[in-house]
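Worksheet: the structure to be examined is printed underneath.
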Amino acid sequence: MSLLSVQDMKTDIGQYAVLHGVSFEVPEGGVFVLLGRNGAGKTTTLRSIMGLWTPSPGSVVFNGQDITRMHTADIARKGIAYVPENMGIFGTLTVDENLILATESGRFDKARLARIHELFPALERFRDKQAWSLSGGQKQMLSVARAIIEPRALILIDEPTKGLAPSIVGAMAEAFREIAQTTTILLVEQNFNFARSLGRDMAVIDDGRVVHAGSMEAFAADTALQDKHLGLSA
Amino acid sequence: MSTLTTTLGRIGGVNLLPFAVAAVAFLLIGAPSSWVTLTIAGLAMGMMLFLMASGLSLVFGLMDVLNFGHSAFVSFGAFVSATVLAGLGGWLAADSWALNALALAAAYLAAISFGLVAGWFFETVIIRPVYRDHLRQILITIGAMIVAEQTILAFWGGTPFSVGRPHFLEGSWIIGDVSIEIYRAFAFALGAAVFVMLYLVLNRTRIGLLIRAGVENREMVEALGFRVDRLFIGVFMLGSALAALGGAMWAGYETLITPHLGSELMIVVFIVVIIGGLGSIEGTLLGAILVGLMANYVGFLAPKLALASNMILMVAILLWRPNGLRPAVK
Amino acid sequence: MSNKSTTGALAIKGIVALIGALLLFAPFLFQDVRSLEVAARICIFIVLVASFDLLIGYTGIVSFAHTMFFGFGAYGAAILLKEMGPGWTPVILGGLAGVAVSLVFAVAIGLLSLRVKAIFFAMITLAAASVVLVLASQLSQFTGGEDGITYRAPDLFKPATKIFTDADGKVLSLWGVKFNGKLAAYYFVFACSLVLFLLMLRFVASPLGTVLKAIRENEARAEAIGYKVVAYRTFIFCLSATIASLAGTVYAVWLKYTGPDTSLSFAIMIDILLMVVIGGMGTMWGAVIGAVLMVVAQYYLRDLMGVASEALTGVPLLPELLAPDRWLFWLGLIFILLVYFFPKGIAGTAMEKGARA
């Protein structure tokens with residue numbers, strides 16, 4: 001059984017239909033990559049899963065439970081974390097406050113915090129700094145760290161490499177590989193090389209529909225398919 | 001110029017504005033004793049305005065909800081506490097410091113409790129159905145304000161209602177040639193105490209952390225697993241209770257109140273939050289103190305300009321900083 | 001608009017036409033002083049509410065300064081009529097002065113607040129309007145303070161003026177209605193209101209009106225297409241202020257009195273809001289229906305409430321709530337319920353019924 005099953009999801013934003021029926025299955029474990037052009041509906045898909053837009057009709061089943069019309073906060077409590085495209089950092093809060101906010105109890109689990117500091121040493125160095133003063137890469141690290149400070153079954157990550165320096169992209173890939181050993185990641189990515197290095201399964205969204213789904217290995221080998229779905233971006 | 005700006009920023013930035021206003025007023029007024037009296041009156045007024053405005057500002061920051069009916073809580077707070085004080089007239093008149101204080105405490109508690117209950121009712125019945133729809137929000141809260149004001153008129157009538165004051169808050173302290181009205185000092189102290197409490201709650205507790213984060217990015221707080229809407233009811237109730245307390249204190253300050261008190265103060269409260277910047281209590285305090293000081297200084301120097309002075313202040317500040325002096329980061 | 005062809009829309013337009021006819025023949029149909037007073041007030045408020053609807057209905061922004069502009073126009077004419085004596089020059093100069101002051105305020109407020117947040121606009125207009133109200137009652141040497149200004153209208157509108165005379169030199173009358181200055185004054189109000197209302201109808205149907213609707217439907221999209229939203233909004237704010245100001249001038253001429261209660265008070269602002277919401281925002285027709293209902297209710301419902309209140313003497317609280325002065329209480333409740341359940345108001349809701357796609 002898949003961890004997350006999205007069936008025929010249609011989402012309107014205002015009067016504009018953005019998703020026209022998105023369906024895909026995310027198996028447990030590893031990194032699942034959603035590819036697609038700008039404006040294809042990838043971000044809307046993530047937001048609809050998270051309950052930040054309400055899809056109608058359509059269903060989202062997570063761990064065998066229908067979460068389609070649940071409140072965002074309850075969806076989060078079921079074990080889904082969200083790392084939005086703009087990172088959603090609380091700039092006036094310190095790095096530690098950002099992290100502690102994301103814990104359920106209001107206290108750090110020492111072991112988990114130590115693991116996060118090991119993955120992202122900058123977050124330990126700047127723990128008392130206000131988050132707005134961090135660099136773009138550090139903010140991205142903080143946003144990801146916030147998603148794993150509690151044990152989660154699934155993390156939705158929206159374009160984490162956007163605007164980051166190549167060296168940081170490499171570090172990010174390392175971190176994701178490490179995280180993916182214990183947690184499933186649903187990754188929206190434009191950077192195909194980054195996506196290929198991480199993804200096990202993948203789907204392509206275009207114009208609010210899934211137009212291709214399969215293993216990353218097969219997709220990476222088929223340049224004709226890449227051209228068809230991603231244009232020249234590959 | 002830029003070095004001047006950075007130096008100013010280091011020693012407090014916009015927080016220096018009230019001091020600058022006070023200094024200019026000192027030169028214009030000339031007589032130090034009048035200046036001290038006016039400054040204390042301004043600070044007291046500022047603190048009461050802060051209580052009335054803080055809820056409005058936080059509620060807007062957290063949920064993007066602007067409540068045009070907020071002044072109803074101020075009016076009700078004033079009338080509820082005045083009624084309690086009238087009912088406890090015996091205690092108030094008694095020659096006992098403790099009974100006096102008890103009567104005042106009872107009146108304030110009644111106002112606060114009323115604010116909590118009315119706030120809960122207002123949030124669930126009036127505001128909840130129109131989240132995220134500013135036009136209907138403005139219209140509905142205006143409608144609620146009309147109904148609230150008419151209800152007060154029906155209950156308490158249109159004639160001015162006199163408000164009892166405990167004996168120990170009457171009169172003034174005379175220090176040299178400076179006289180300080182005791183009630184003003186009391187209002188300032190109580191307001192300052194509430195500000196400190198609010199500040200500590202917002203900056204030292206987990207709830208406060210959630211509120212600050214929610215003001216900045218509500219969606220993200222929800223995506224981390226917290227029901228901001230439930231938090232919001234709490235903040236709304238707290239804001240209403242503070243407004244009611246502000247109204248109760250204002251009633252004692254004015255000693256004669258009419259049902260239009262709320263709508264008259266509403267304008268000033270709006271100016272306070274616009275000047276201060278929506279969403280932060282520090283900004284609201286700054287705006288409130290500025291407005292309080294300006295109102296008293298200008299009221300002394302050029303009485304006819306008193307209300308217009310706030311407007312001019314607001315225009316000047318908006319031209320300089322379109323989002324107010326210290327808005328919450330969005 | 002797709003709802004042009006619905007039966008509901010036809011019905012609304014029929015009702016509006018009927019109201020227009022009733023107002024046109026009002027002096028002949030209702031031959032008492034009070035009714036003519038009501039009819040003139042309805043004419044003025046139709047214009048005032050329609051001009052407010054331009055703003056709230058077609059751009060979705062709420063201003064609380066509409067009575068301020070109405071007041072500028074009224075006080076402009078009033079002050080000059082008082083200073084210069086009756087005549088058309090003070091009316092025209094006063095009207096122009098009112099429009100000029102209104103435009104200055106509208107541009108200043110628009111540029112100051114429309115670029116920040118629409119919600120600031122509501123707060124700032126409220127603050128500005130209340131400051132003007134206080135100033136009007138404080139600057140009593142110009143405005144007469146709380147007491148307002150009483151003055152004479154141009155000679156044509158004097159009750160003793162004979163518009164038409166019969167063979168004996170007496171004022172001519174038709175069906176018992178005398179062709180005197182009072183009648184002329186009413187038709188002055190009626191004609192001015194009609195012209196202003198038709199102008200607004202024409203404007204709404206123009207390409208500019210279409211742009212406004214696009215902005216209302218989706219601000220971000222309109223901005224993306226390249227419309228300068230702030231500029232458009234400031235423009236419409238100025239237009240609506242100008243019309244409100246002109247309506248104020250006409251009303252000042254009719255009333256021969258101008259004071260805070262007839263032109264500037266917050267109570268009138270509330271009336272306008274209630275009228276536009278009850279009638280239906282964004283339709284223009286709604287302004288007509290809302291204004292008629294509210295003005296008639298103001299004049300006649302209160303009598304009815306007085307009767308009800310007296311009948312219920314002895315019942316706790318109800319007599320107080322039914323007292324004629326408390327009619328705003330009930331209106332406020334109705335208003336809230338309308339905003340919840342029929343946000344489109346009477347006209348908007350009716351026009352969607354009986355759709356013939």
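Quick notes
- Set B:202, B:245, B:285, B:198: member being over 15 Å from the mean Cα position of the chain (by Cα) and aliphatic (A, V, I, L, M): B:202
- The set of residues in the stretch C:99-124 being within 16 Å of residue B:312 (Cβ to Cβ) and β-branched (Val, Ile, Thr) consists of C:104, C:109, C:124.
- For residue C:110: the one exception among (1) small (Gly, Ala, Ser); (2) over 19 Å from the mean Cα position of the chain (by Cα); (3) over 30 Å from residue C:217 (Cβ atoms); (4) within 14 Å of another protein chain (Cβ to nearest Cβ): (3)
- Residue selected from the stretch B:238-281 under the condition over 20 Å from residue B:183 (Cβ atoms) and more than 14 Å from chain C (Cβ to nearest Cβ), by the criterion surrounded by the fewest Cβ atoms within 10 Å (Cβ to Cβ): B:238
- Filtered by the rule that a residue be more than 30 Å from residue B:75 (Cβ to Cβ), surrounded by fewer than 12 Cβ atoms within 10 Å (Cβ to Cβ) and more than 14 Å from chain A (Cβ to nearest Cβ), the stretch B:161-217 gives B:173, B:174, B:175, B:176, B:177.
- Candidate set: the stretch C:311-329, residues that are at pLDDT below 70 and within 8 Å of chain B (Cβ to nearest Cβ); chosen: the one farthest from the chain's Cα centre (by Cα): C:317
- Those helices (runs of 4 or more DSSP H) of the stretch A:98-148 in which at least 2 residues are over 20 Å from residue A:85 (Cβ atoms), considering only elements entirely within it, cover A:110-119, A:121-125.
- Residue in the stretch A:103-112 that is among the aliphatic types (A, V, I, L, M) and more than 14 Å from chain B (Cβ to nearest Cβ) present: yes
- Pairs where the first residue, in the stretch C:251-280, is part of a helix (DSSP H, G or I) and the second is among the charged types (D, E, K, R), C-beta under 7 Å, 6+ apart: C:260/C:146; C:276/C:53
- Tally, over the stretch B:70-101, of residues that are crowded, with 24+ Cβ neighbours inside 10 Å and either closer than 30 Å to residue C:121 by Cα or not aliphatic (A, V, I, L, M) (or both): 11
- Residue in the stretch A:84-101 that is within 21 Å of residue A:26 (Cβ to Cβ), of a type in the set (A, V, I, L, M), more than 8 Å from chain B (Cβ to nearest Cβ) and in contact (Cβ under 8 Å) with a residue 40 or more places away in the chain present: no
- Qualifying residue in the stretch C:71-79 (condition: hydrophobic (A, V, I, L, M, F, W, C), assigned to a helix (DSSP H, G or I) and within 16 Å of the chain's Cα centre (by Cα)): yes
- Taken over the stretch B:220-276, the residue count meeting the criterion of being in contact (Cβ under 8 Å) with a residue 60 or more places away in the chain and not in a helix (DSSP H, G or I) is 6.
- Checking residue B:104 against (1) buried (at least 22 other Cβ atoms within 10 Å of the Cβ); (2) more than 14 Å from chain C (Cβ to nearest Cβ); (3) free of Cβ contacts under 8 Å to residues at least 40 places away in the same chain, the condition it does not meet: (3)
- Subset of the stretch A:1-39 [part of a loop (DSSP other than H, G, I, E, B) and buried (at least 22 other Cβ atoms within 10 Å of the Cβ)]: A:36
- Residue that is farthest from the chain's Cα centre (by Cα), among those in the stretch C:16-48 that are charged (D, E, K, R) and under 20 Å from residue C:268 (Cα atoms): C:34
The values are calculated or read from the model by the stated rules, or taken from the named source; none is laboratory data. If you're wondering where the values come from, they're calculated on a predicted model, not measured in any experiment. Here the Cβ is made from the backbone with ideal geometry for all residues, glycine too, and neighbour counts use every protein chain on show.
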